[in-house]
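The values are calculated or read from the model by the stated rules, or taken from the named source; none is laboratory data. Being a predicted model, the structure only gives us computed values, none of them experimental. Backbone-built Cβ (ideal geometry, glycine too); neighbour counts: all protein chains shown.
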Amino acid sequence: MEGRVTAGPVTKLSALPPDALDKMAGLMAESGVAATILPATDLFLTGRDHSHLCPRGVAPAHHLAAHGVACCLSTNNMLNPFTPYGDGSLTRIANLYANVHHLGDPQALADCLDMITRSSAKILRLPDYGLVPGNPADLVVLDASSPQDAIARIAPPLMAFKSGRQSFERPRPKLHL
């Protein structure tokens, strides 16, 4: 089953003390179990029994990934009892995750983008992923100057392509003075 099992949302991993989390991360990496973290849902559902200083309750994907666990950030349903708001933006989810886990350095932000792109494709076992001649042209073009900028600013999508066919365009706003 190696590479075929993904656990999610793994919220309870956020409650483990460091030594237990390290042990679990090692076991997951060794067995090839991936993790999907759902920050918006986790934040909405955890900490309800606290009157103040509520726990964050979002599993530390960056910590798991450092131990060799394939991790992705995502959202499940939106506008439902478990995630009552959202717009489906994975850059927004990655930015939320970075905020919750105090990730602000350039590499950490790039890793957050990776967890909504490359790492997700790896977990889904997509064989032809990436900007390579001959691969399916499935991509979203973000209004960002770098991977870090995409996450830090929650860069809006400018356009997207599916199988090489443009599916939408969202022009940059124009300022009229």
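Return the total of residues in the range 83-116 being at pLDDT below 95, of a type outside the set (Ser, Thr, Tyr) and surrounded by 15 or more Cβ atoms within 10 Å (Cβ to Cβ). Lay out the reasoning, then the answer.
At the first step, the residues of the range 83-116 found to be at pLDDT below 95 are 83-88.
From what is left, the residues that are of a type outside the set (Ser, Thr, Tyr) are 84, 86-88.
With surrounded by 15 or more Cβ atoms within 10 Å (Cβ to Cβ) added as a condition, the list becomes 86.
Selection size over the range 83-116: 1.
Residues in the range 8-17 that are within 22 Å of the chain's Cα centre (by Cα) and exposed (fewer than 14 other Cβ atoms within 10 Å of the Cβ): how many? Break it down stepwise before answering.
As a first pass, look at the range 8-17 and keep what is within 22 Å of the chain's Cα centre (by Cα): 8-16.
Right, trim to exposed (fewer than 14 other Cβ atoms within 10 Å of the Cβ) and you get 12, 15.
Here the count works out to 2.
If you scan the range 106-127, which residues turn out to be over 17 Å from Ala144 (Cβ atoms) and out of contact with any helix residue (DSSP H, G or I) (no Cβ under 8 Å at 6 or more places or on another chain)?
Of the residues in the range 106-127, the ones over 17 Å from Ala144 (Cβ atoms) are 119-127.
Of everything in the range 106-127, those that are over 17 Å from Ala144 (Cβ atoms) and out of contact with any helix residue (DSSP H, G or I) (no Cβ under 8 Å at 6 or more places or on another chain) turn out to be Ser120, Ala121, Lys122, Ile123, Leu124, Arg125, Leu126, Pro127.
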- the range 64-107, subset outside any loop (DSSP other than H, G, I, E, B) and of a type in the set (Ser, Thr, Tyr), residue nearest to Met28 (Cα to Cα): Tyr97
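Hand me the list of strands (runs of 3 or more DSSP E) wholly inside the range 133-177 holding 3 or more residues that are within 23 Å of the chain's Cα centre (by Cα). Please lay out each step first, then the result.
Values: elements: 139-142, 157-162, 165-169.
In the range 133-177, the matching strands (runs of 3 or more DSSP E) lie at 139-142, 157-162.
Which residues, taken from the range 1-45, are of a type in the set (Asp, Glu) and within 24 Å of Met78 (Cα to Cα)? Let's see the steps before the verdict.
First pass over the range 1-45, keeping only residues of a type in the set (Asp, Glu): 2, 19, 22, 30, 42.
Passing the criteria: only Asp42.
Looking only at the range 110-162, which residues are among the β-branched types (Val, Ile, Thr) and touching a residue at least 24 places away in the same chain (Cβ under 8 Å)?
So in the range 110-162, the residues among the β-branched types (Val, Ile, Thr) come out as 116-117, 123, 132, 140-141, 151, 154.
Hits for the range 110-162 are Ile116, Ile123, Ile151, Ile154.
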- Out of all the residues in the range 137-177, which are at pLDDT 95 or above, surrounded by 14 or more Cβ atoms within 10 Å (Cβ to Cβ) and of a type in the set (Asp, Glu)? Asp143, Asp149
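Those residues that are buried (at least 19 other Cβ atoms within 10 Å of the Cβ) and among the aliphatic types (A, V, I, L, M), I need them from the range 25-55; list them, please. Can you show your working first?
Taking the range 25-55 as the starting set, the residues that turn out to be buried (at least 19 other Cβ atoms within 10 Å of the Cβ) are 25, 28, 33-43.
Selection gives Ala25, Met28, Val33, Ala34, Ala35, Ile37, Leu38, Ala40, Leu43.
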- Filter result (part of a loop (DSSP other than H, G, I, E, B), out of contact with any helix residue (DSSP H, G or I) (no Cβ under 7 Å at 6 or more places or on another chain), aliphatic (A, V, I, L, M) and without any contact (Cβ under 8 Å) to a residue 12 or more places away in the chain) within the range 1-59: Leu53
- Matching residues in the range 108-128 (outside any helix (DSSP H, G or I) and touching a Leu at 6+ places or on another chain (Cβ under 8 Å)) number 2
